[in-house]
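> Can you keep this structure in mind? I'll have questions shortly.
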Amino acid sequence: MKRASVYRVFLLALVGFALSYSLPRTPLGLELDQLTYDSFVRLRESHQQSPKVDSRLIIVEIDEKTHKAYPQAMALWMPLYGKVFESLFQSGAAVIGFDIIPMNTPMEEVAPFLETFLNNRGKLVFVAFYDSDTEELIVPKDNIMALVGAENLGLSNLQKDSGGLHRRQPLSNWQIESTGQSHPFFASLLYEKLTGKTELPRENVLINFVGPPGTIPRVSFRDVLAMADQGESEKLKQLFEGKLVLIGGTAKADQDFVDTPFPSEKPMPGIELHANILNTLLTEQWLDPLKAWALLAIVLIPLAWLSLEKKLVVSTTSTAALCLCWFGGSYMAFLNGQVVEPIPSALVGFGTTYFLGYLYRFNTVEKEQRRIRSIFGRYVSPDVMEAMLEFPEDHKPEEAKSQRVTVMFSDINDFSTACEQLEPEEVTRRLNAYFGEMTNIIYAHQGTIIRFIGDEFMILFGAPKANDKSEEQAVLTAVKMVDRLKQLKAKDSKGTEGFYEVKIGIHVGDMILTSIGNELRSDYNCIGDSTNMAARVLSLTKPLGATVLISEEVKIKVESHPELEFKDLGVHPVKGRRGEIRVFEAFLKPGSKA
């Protein structure tokens, strides 16, 4: 690769990387990251690959059935709450988290459960809520506060991302200016109560959702009361012994719902979001960032090279495959608890690198290829053209260059006589058939047809694409042309279908290759004495009675070829120049494949 090309590759990769690096720091990039996380959460759930639920977690839900059974206002439910607390602790519940703030509760309603409150102080956690609009901390009434204890209050405030969804949650205590105090969050305090650990493993957590709403086990508040009333202590014990029990509303009337990565038509109850936070803490199934910036930088370099150097189909396929691999690899990492950084911005970087690379290629390389194709397309075979287009900078037609080339001239015997005897349409038909057959053989041996003049061919071997076996290709082309004409003649007993007798002359030497003309019309051509010498060799065929005549310079290069044999026809003067030339007639060996 040339130095300029290397610079372009690294510059393009740098542009793609810069965009990928800066995008996550914009609102759009942040939203794309969040949407990717959401899609992974949902995709994981559909593949049944979600994290496991900690067996200690259970929700007692105040659902529609509970509201139907107890239609009175919830402000009057304190006796029901007290009875449930009592039943749960008697059943061996380890910790209870109560996601309701009791207000206006008369002491006489609390009195029957004083023993339960006092005996389980520290195992019963109530919620408080900080209203940032009013800068007020909302807590239970004084009589409940006295029983529960301020140290057993946890903030139920949940963090929303910019899109209004809940994906993260702070865990460290929140220093509230209006109170001048530091307050723990509900889930954090419950974690400390259950585990006995005073230090949290994380300051904040990316919530590792276990599934859509309803995934974490639930028991109806109404059913707990019914089992307690019926004395089903064993059943209650099986359900709640050693458990962290979360009590909260799931009924539509409670309006305690939050938006999560799962479909919005089925929002998650707030109590279940707390349960998901707790599950992430208790199981330590973290979603940790996996920074892949270095890998991204490395991957962008070959992508930039493909975009600049390869055809559209190759660069497009490679870019699509790379995007799929990056997304798929990121998803597999997510299943193993790692959130790759970046994901969407990396895909944007890939797309940008691909697009800018192709844009540059279209306006430079492919533009040059189109120009080369327009000039050389009528001279060379499709496979030679494709090889030339791989490196268009090496085949700029306006740049003259000297190159060793083998030249072949061929014409039809007695063509002028045939033209006098045949109708023009018949001459044209036979010529087209002849040229069609011969062109196939010429192209098969990488020949470049410079011109047709009447019945005459001028063909180059080793130009415009250099070929160190140009002499061999030229001679093989000549003898196989003759052999093919013999085959066609054998099928045409009357000799009325084509031209079958030809003369061919071949010489090799250094020539100047260039495009001659102007913007309106230009032709690829060769300039040099070797062209004239090849024409002189052709002119010797008739007096010597030969069909394929080659110069000694050509013969030296091909004399050991197993398909060829030669006859020395001696030294002859060259018309129009000093000196003599030794020529040889070339034949295809009997039994050789044409």
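> Taking every pair of distinct Cα atoms and averaging 1/r, then inverting, what Kirkwood hydrodynamic radius in Å comes out for segment 176-284?
Over segment 176-284, the inverse of the mean reciprocal pair distance is 16.0 Å.
> What FRET efficiency comes out for the pair residue 72/residue 199, r = Cβ-Cβ distance, R0 = 30 Å, nearest 0.05? All intermediate terms of the calculation are to be shown ahead of the outcome.
On the way: r = 43 Å, r/R0 = 1.44.
With a Förster radius of 30 Å, E is 0.10.
> While we're on this one: What ranking of 264, 220, 156 emerges when the number of other C-beta atoms within 10 Å of each C-beta is taken as an exposure proxy, fewest first? It would help to have the intermediate numbers written out before the result.
On the way: 264 11, 220 18, 156 24.
The fewest-first ordering by Cβ neighbours comes to 264, 220, 156.
> With labels modelled as points extended 7 Å from the Cα through the Cβ direction, what inter-label distance (nm, one decimal) is found for residue 313 paired with residue 65?
Taking the simple label geometry, residue 313 and residue 65 are separated by 6.3 nm.
> Equivalent-ellipsoid semi-axes (√(5λ), Cα gyration tensor) for segment 24-162, whole Å, largest first?
Working: eigenvalues 249, 87, 47 Å².
Taking √(5λ) for each eigenvalue gives 35, 21, 15 Å, largest first.
> In terms of modelled amide H atoms, which long-range or inter-chain residues lie less than 5 Å from the amide H of residue 58?
Those qualifying (amide H under 5 Å, at least 5 residues apart or on another chain) are 244, 246.
> Now, a different point. Quick check: pseudo-label points 7 Å beyond the Cα along Cα→Cβ at residue 114 and residue 298, how many nm apart are they?
7.1 nm
> Mean 1/r over all different Cα pairs, inverted: what Kirkwood radius does segment 384-588 give, in Å? Please report the intermediate quantities before stating the final value.
On the way: mean 1/r = 0.0562 Å⁻¹.
When all Cα pairs of segment 384-588 are included, the Kirkwood radius is 17.8 Å.
> Arrange the peptides 473-485, 541-553 so that the one whose residues have, on average, the most other Cβ atoms within 10 Å appears first.
Working: 473-485: 23.2, 541-553: 18.8.
Descending packing order for the listed peptides: 473-485, 541-553.
> Using just the helices of the chain, give the 222 nm mean residue ellipticity in deg cm²/dmol: DSSP H runs with n ≥ 4 each add -39,500 (n - 2.57), and the total is spread over all residues, rounded to 500. Don't skip to the answer; put the middle values down first.
Values: 21 runs with 272 residues, N = 594.
One gets -14500 deg cm²/dmol as the mean residue ellipticity at 222 nm.
> Here is a follow-up. Between residue 559 and residue 413, how high is the FRET efficiency from 1/(1 + (r/R0)^6) when r is the Cβ-Cβ distance and R₀ = 22 Å? Nearest 0.05. List each step's numbers first, then the result.
Working: r = 27 Å, r/R0 = 1.22.
Efficiency at R0 = 22 Å is approximately 0.25.
> Tell me, rounded to the nearest percent, the portion of alpha carbon pairs in segment 52-283 spaced more than 22 Å apart. Walk me through the numbers before you get to the answer.
On the way: 13492 of 26796 pairs.
For segment 52-283, the fraction of Cα-Cα distances above 22 Å is 50 percent.
> Shifting gears a bit: Stretch residue 589-residue 151 to full length: gain in nm at 0.36 nm per residue minus the Cα-Cα span?
Working: separation 438, 0.36 × 438 = 157.68 nm, distance 10.57 nm.
Contour length minus the Cα-Cα distance gives 147.1 nm.
> Using the Kirkwood formula over every pair of different C-alpha atoms, what hydrodynamic radius in Å results for the chain?
Every distinct Cα pair counted, the radius reaches 32.1 Å.
> Now for a separate question. Around residue 549, under 12 Å between beta carbons, what's the net of Lys plus Arg minus Asp minus Glu among the other residues? Walk me through the numbers on the way to the answer.
Numbers: positive: 503, 536, 542, 555, 567, 582; negative: 552, 568, 585.
Once positives and negatives cancel, what remains is +3.
> Sticking with this structure for a sec: Label points 7 Å out from Cα along the Cβ direction at residue 90 and residue 320: separation in nm?
Placing both labels 7 Å beyond Cα along the Cβ direction yields 6.8 nm.
> Work out the P(r) tail for segment 266-354: percent of alpha carbon pairs separated by more than 22 Å, whole number.
Values: 1725 of 3916 pairs.
In whole percent, the long-distance tail amounts to 44.
Every number here is computed from the coordinates shown, using simple stated rules; none is lab data. It should be emphasised that the depicted structure is a prediction, and the values quoted were computed from it without experimental measurement. Note: ideal-geometry Cβ built from the backbone for every residue, glycine included; neighbour counts use all protein chains shown.
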